[in-house]
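Asker: Here it is, the structure in full.
The values are calculated or read from the model by the stated rules, or taken from the named source; none is laboratory data. Since this is a predicted model, take the numbers as computed values, not measurements. These area figures cover heavy atoms from the full protein model, side chains too; ligands, DNA and RNA do not enter into them. Shrake-Rupley method; radii C 1.70, N 1.55, O 1.52, S 1.80 Å.
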Amino acid sequence: MSNLKIFRPRVLLSIGLILILAVVAFGYAAANVVPESGAGDGTGTVSGYTITNIDYTLLTSDPTKVQLLTLDIAPTPPSLAGAATDVRITVDASTWIICAGPSGTTWTCTFGVGTEPSVTAILNLQVVAAE
């Protein structure tokens, strides 16, 4: 008879139970699949959408400020993204504007009264779109 404790039934049962639990945990982790969705964030090429026809409308009472801007957003083929349902922009990297739309593929982003940025202050436009 062997003096090795590893071959005792209680030790073998414990090792077997640990192995079974490890396999089950791995199986659950492998089942976590996140489907592709339409979301992108960027200041250049956006991964899920193409941004075109950016048009700035100046404030009537002060043409040195921007009242609103419109832009078209469409899924970029071969993306599986659907039409955007939530669009937000920033021109100063801190204040986010929620855009209204869409009308077709066109979204309208209106700056609040008194918060309209000056034309010279707009150096970057960042668009975030999600499905």
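Asker: Largest first, what is the accessible-area ranking of Arg8, Arg88 with a 1.4 Å probe? Mind dumping the intermediate values first?
Answerer: On the way: Arg8 135, Arg88 95 Å².
Of Arg8, Arg88, the descending order of accessible area is Arg8, Arg88.
Asker: Can you run phi through the Karplus equation (6.51, -1.76, 1.60; θ = phi - 60°) for the range 71-76 and list ³J(HN,Hα) in whole Hz, with x for Gly and Pro?
Answerer: Each residue of the range 71-76 in turn: 7, 9, 10, 9, x, 8 Hz.
Asker: Determine the share of the range 48-96's accessible area contributed by carbon and sulfur atoms, expressed in whole percent, with a 1.4 angstrom probe. Intermediate values should be presented prior to the final figure.
Answerer: Working: 1570 of 2720 Å².
Exposed carbon and sulfur together represent 58 percent of the surface.
Asker: Accessible area of Asp86, 1.4 Å probe, to the nearest 10 Å²?
Answerer: 50
Asker: Please give the solvent-accessible surface of Ser103 in Å², to the nearest 10, using a probe radius of 1.4 Å with every protein chain present.
Answerer: Ser103 exposes around 90 Å² with every protein chain in place.
Asker: Follow-up. Would you mind calculating the gained length between Ser118 and Asp92 on full extension (0.36 nm times residue separation, minus the Cα-Cα distance), in nm to one decimal? Can you show the working numbers first?
Answerer: Details: separation 26, 0.36 × 26 = 9.36 nm, distance 1.10 nm.
Once the chain is fully extended between Ser118 and Asp92, it gains 8.3 nm.
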